[in-house]
Amino acid sequence: MRPGRILLLLLVLGASACAPNRAESSQPAVTEEGVPQVGPARGALVLAGGGQLGPEIWNRFVQLSGGSRSRIVVIPTASTDEDIVAGISALHQITAAGAGEVLLLHTRDRREADSEEFVRSLRGATGIWLVGGRQWRLVDAYLHTRTHRELFNVLNRGGVIGGTSAGASIQASYLARGDPATNQILMAQGYEEGFGFLLNAAVDQHLLARNREDDLWELIHTRPSLLGIGVDEGTALVVRGNRAEVLGRSGVAIYNGLGDVGRPLLLHDGEVYDLGHRLVVVGRAVTESGSR
């Protein structure tokens with residue numbers, strides 16, 4: 001396998017404010033069948049729960065991005081300045097999985113994120129990987145900027161947006177654990193809006209590893225129409241339209257406030273969940289979930 005090219009376009013700039021611009025999505029509110037559109041109408045999402053990700057996750061992400069023809073942008077902004085090396089690690093993992101061209105893109109300056117020059121590298125991207133860290137850093141840098149709009153355009157071109165830990169949570173319309181002071185607060189005023197690639201949903205991570213199995217019920221009780229998704233470490237949920245497939249060594253928990261509230265539905269590798277109909281379509285839990 002020919003190794004991919006690695007480009008570093010690393011911009012570490014000071015924080016500053018600029019007027020936000022609302023990101024535009026072409027996603028409809030409902031599918032042709034009349035059920036809620038939760039996943040992207042085009043393209044795909046990879047929502048990983050943090051920890052050590054196996055090759056099956058990296059390989060699927062690169063495959064969805066176009067394999068050896070892919071052009072992938074790694075965004076490490078959720079990390080601290082000291083931990084930007086996490087972005088370098090993701091870059092090497094993606095390259096090892098057979099990606100064509102991989103580059104690193106980062107800023108903390110909203111004006112920079114809203115500039116034509118900064119987003120130019122996103123215009124031809126077939127895949128985006130959002131490194132883990134803290135969700136609020138992604139909000140402060142990118143929410144409602146030109147960068148945010150270009151991420152939607154990646155999906156609209158049929159590309160893929162993936163991320164792990166904070167890089168998974170930020171993809172939902174409701175942002176869980178966005179508080180800048182602590183990751184122990186699930187609902188943080190001023191930091192409750194995510195990037196919105198996954199509609200009417202909230203994503204938590206490190207689910208079993210950090211004993212968070214019951215945490216999302218707090219949010220679902222407050223906002224019962226939301227679909228809660230908890231992803232454990234070493235695991236990912238791969239979303240295409242409303243079809244969500246579990247991939248990896250642990251599990252994904254579904255919190256459906258419109259169904260039976262009590263315990264989440266736990267799905268494992270290979271099982272598929274319909275995010276619009278809110279039921280399992282492939283897997284061991286078909287009978288249990290189908291009765292909801």
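The values are calculated or read from the model by the stated rules, or taken from the named source; none is laboratory data. Bear in mind the structure is a predicted one, so any value in this text is a computation, not a measurement. A quick note on method: Cβ atoms are made from the backbone with ideal geometry, for glycine too, and the neighbour counts reach across all protein chains shown.
Quick notes
- Complete set of residues in the range 62-94 that are in contact with a helix residue (DSSP H, G or I) (Cβ under 7 Å, 6 or more places away or on another chain) and either closer than 22 Å to Gly43 by Cα or of a type in the set (Gly, Ala, Ser) (or both): Val62, Ser70, Ile72, Val73, Val74, Pro76, Ala78, Ser79, Gln93, Ile94
- Counted residues, the range 98-137 - those being in contact (Cβ under 8 Å) with a residue 40 or more places away in the chain and part of a loop (DSSP other than H, G, I, E, B): 14
- Summed over the range 160-188, the residues that are of a type outside the set (A, V, I, L, M, F, W, C), surrounded by 24 or more Cβ atoms within 10 Å (Cβ to Cβ) and more than 11 Å from the chain's Cα centre (by Cα) give a count of 2.
- Of the criteria (1) more than 19 Å from Gly43 (Cα to Cα); (2) assigned to a helix (DSSP H, G or I); (3) modelled with pLDDT of 95 or more; (4) under 19 Å from the mean Cα position of the chain (by Cα), which one Trp58 fails: (1)
- Test: residue in the range 106-116 that is of a type in the set (A, V, I, L, M) and modelled with pLDDT of 95 or more: yes
- The residues of the range 245-263 that are at pLDDT 95 or above and acidic (Asp, Glu) amount to a single one, Glu245.
- Qualifying residue in the range 82-97 (condition: surrounded by 22 or more Cβ atoms within 10 Å (Cβ to Cβ), in a loop (DSSP other than H, G, I, E, B) and of a type in the set (Val, Ile, Thr)): no
- Here Arg263, Arg249, Arg223 are screened, and the one residue that is closer than 23 Å to Gly54 by Cβ and basic (Lys, Arg) is Arg249.
- Failed item, numbered, when Ala97 is tested on (1) in contact with a strand residue (DSSP E or B) (Cβ under 7 Å, 6 or more places away or on another chain); (2) modelled with pLDDT of 95 or more: (1)
- Applying a threshold of 9 Å to beta carbon distances and a minimum spacing of six or more residues, or different chains, the list of pairs starting in the range 52-78 at a residue that is on the phi > 0 side of the Ramachandran plot and ending at one that is in a strand (DSSP E or B) and small (Gly, Ala, Ser) reads Gly66/Gly127.
- Selection within the range 11-40 - touching a helix residue (DSSP H, G or I) at 6+ places or on another chain (Cβ under 8 Å) and modelled with pLDDT of 95 or more: Pro40
- Note on the range 120-133: residues that are over 13 Å from the mean Cα position of the chain (by Cα) and closer than 26 Å to Arg60 by Cβ total 6.
- Hits in the range 226-246 - residues which are under 24 Å from Pro55 (Cα atoms) and of a type in the set (A, V, I, L, M): Ile229, Val231, Ala236, Leu237, Val238, Val239, Ala244, Val246
- Every condition in (1) touching a residue at least 60 places away in the same chain (Cβ under 8 Å); (2) of a type outside the set (S, T, N, Q); (3) not in a strand (DSSP E or B) holds for Gly163 except the one numbered (3).
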